[in-house]
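Participant: I'd like to ask some things about the structure below.
The values are calculated or read from the model by the stated rules, or taken from the named source; none is laboratory data. Everything numeric in this text was worked out from a predicted model, so none of it was measured. Note: ideal-geometry Cβ built from the backbone for every residue, glycine included; neighbour counts use all protein chains shown.
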Amino acid sequence: MSRPAVQERGDGTGRRPRVGVFGGSFDPLHNGHLAAASWAADSLELDSVLMVLAPDPWQKRDRVLAPVDIRWEMLVKGCVANPVLVPSATEIERDGPTYTIDTLEVLGGSQDLVLIIGADAARRIDTWHRSEDVLRCAEIAVVDRAGELPNIEERGWLGVELPRIDISSTLIRDRAARGLSVTGLVPAAVESIMRATGTYREPPEPAD
Ligand code: ATP
Ligand code: MG
């Protein structure tokens, strides 16, 4: 697996870089992820957004995810168009379960972190492992996924307004499994990898 180096786009003034952290299982990466991360970068004036692949998220133990090397390749090739979006393999390289707090503790230090999450994830954040430490290590920015931002002001969180993009990886997997097109829902490179590897395709019914 080739992993690009994390770029820090400091401005030469000694200012600490302000870096977004956008995590997901990216199974697969889709245009909703890309729009959310790039709109957050613009509206919050971030130097870059680390797209952190969760190889084995504890919230998704109920189903088998696509192989991590294929999800990683889709993430890397799908982010090429916008150099502000930087794929991060930090959770792949770490053994054991992947918790956001471990990632924030690794990535913090020399840069200020803004954790970018969808409104659905924001509603569950208090159930996360060491959630109080998560809130201490990073500012929280909620991207409005479903037309309603949860109580961000009273919690001191940032909000990122985004046109509603009703795409999920679940939708992509379902369409691919039925042999339907995903053009326009994922970057062209992701579509090519899905087709070439047969990822998400249901095996054909055995003939009688
Ligand atoms: P799945 O359907 O498998 O749960 P997903 O599309 O929800 O996949 P995740 O990897 O679960 O993608 O989500 C990663 C992050 O991306 C979460 O913070 C989620 O809220 C956000 N997100 C996913 N889809 C969108 C979208 N269409 N618009 C804005 N944010 C999104
Ligand atoms: Mg999800």
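Participant: May I ask you to say which residue of 138, 188, 176 is small (Gly, Ala, Ser), at pLDDT 95 or above and in contact with a Phe, Trp or Tyr (Cβ under 8 Å, 6 or more places away or on another chain)?
Facilitator: Step by step, each of 138, 188, 176 is checked, and only 176 is small (Gly, Ala, Ser), at pLDDT 95 or above and in contact with a Phe, Trp or Tyr (Cβ under 8 Å, 6 or more places away or on another chain).
Participant: A further question on this structure: Just to be sure, is residue 142 within 15 Å of ligand 2 (Cβ to nearest atom), within 18 Å of the chain's Cα centre (by Cα), free of Cβ contacts under 8 Å to residues at least 40 places away in the same chain and buried (at least 19 other Cβ atoms within 10 Å of the Cβ)?
Facilitator: yes
Participant: Those residues that are under 20 Å from residue 143 (Cα atoms), surrounded by 15 or more Cβ atoms within 10 Å (Cβ to Cβ), within 16 Å of ligand 2 (Cβ to nearest atom) and not hydrophobic (A, V, I, L, M, F, W, C), I need them from region 157-183; list them, please.
Facilitator: 168, 169
Participant: Next question, about the same structure. Can you tell which of 62, 56, 69, 102 is among the acidic types (Asp, Glu) and over 25 Å from residue 194 (Cα atoms)?
Facilitator: Details: 62 fails: over 25 Å from residue 194 (Cα atoms); 56 fails: over 25 Å from residue 194 (Cα atoms); 69 fails: over 25 Å from residue 194 (Cα atoms).
The conditions single out 102.
Participant: Within region 47-82, take every residue that is assigned to a loop (DSSP other than H, G, I, E, B) and buried (at least 23 other Cβ atoms within 10 Å of the Cβ) and give me the one that is farthest from ligand 2 (Cβ to nearest atom).
Facilitator: Going through region 47-82, the residues assigned to a loop (DSSP other than H, G, I, E, B) turn out to be 47, 54-56, 61-67, 79-82.
Keeping just the survivors that are buried (at least 23 other Cβ atoms within 10 Å of the Cβ) gives 54, 79.
Details: 54: 11, 79: 18 Å.
Of everything passing the filter in region 47-82, 79 is farthest from ligand 2 (Cβ to nearest atom).
Participant: Same structure again: Going through region 70-113 one residue at a time, which ones are under 13 Å from residue 29 (Cα atoms) and not hydrophobic (A, V, I, L, M, F, W, C)?
Facilitator: 71, 73, 77, 78, 87
Participant: How about region 97-120: which of its residues are crowded, with 19+ Cβ neighbours inside 10 Å, within 16 Å of ligand 2 (Cβ to nearest atom) and closer than 18 Å to residue 158 by Cα?
Facilitator: If the condition is that a residue be crowded, with 19+ Cβ neighbours inside 10 Å, within 16 Å of ligand 2 (Cβ to nearest atom) and closer than 18 Å to residue 158 by Cα, then 115, 116, 117, 118 are the ones that fit.
Participant: List the pairs whose first member sits in region 16-38 and is acidic (Asp, Glu), whose second member is more than 13 Å from ligand 2 (Cβ to nearest atom), and whose Cβ atoms are under 6 Å apart, counting only residues at least 6 apart or on separate chains?
Facilitator: Note: pairs meeting the criteria are 27/66; 27/71.
Participant: Test residue 148 against the criterion of being farther than 21 Å from residue 28 by Cβ, at pLDDT below 95, touching a helix residue (DSSP H, G or I) at 6+ places or on another chain (Cβ under 8 Å) and surrounded by fewer than 17 Cβ atoms within 10 Å (Cβ to Cβ), and give yes or no. Show your work before the answer.
Facilitator: Values: farther than 21 Å from residue 28 by Cβ: yes; at pLDDT below 95: yes; touching a helix residue (DSSP H, G or I) at 6+ places or on another chain (Cβ under 8 Å): yes; surrounded by fewer than 17 Cβ atoms within 10 Å (Cβ to Cβ): yes.
Judged against the criteria, residue 148 is a match.
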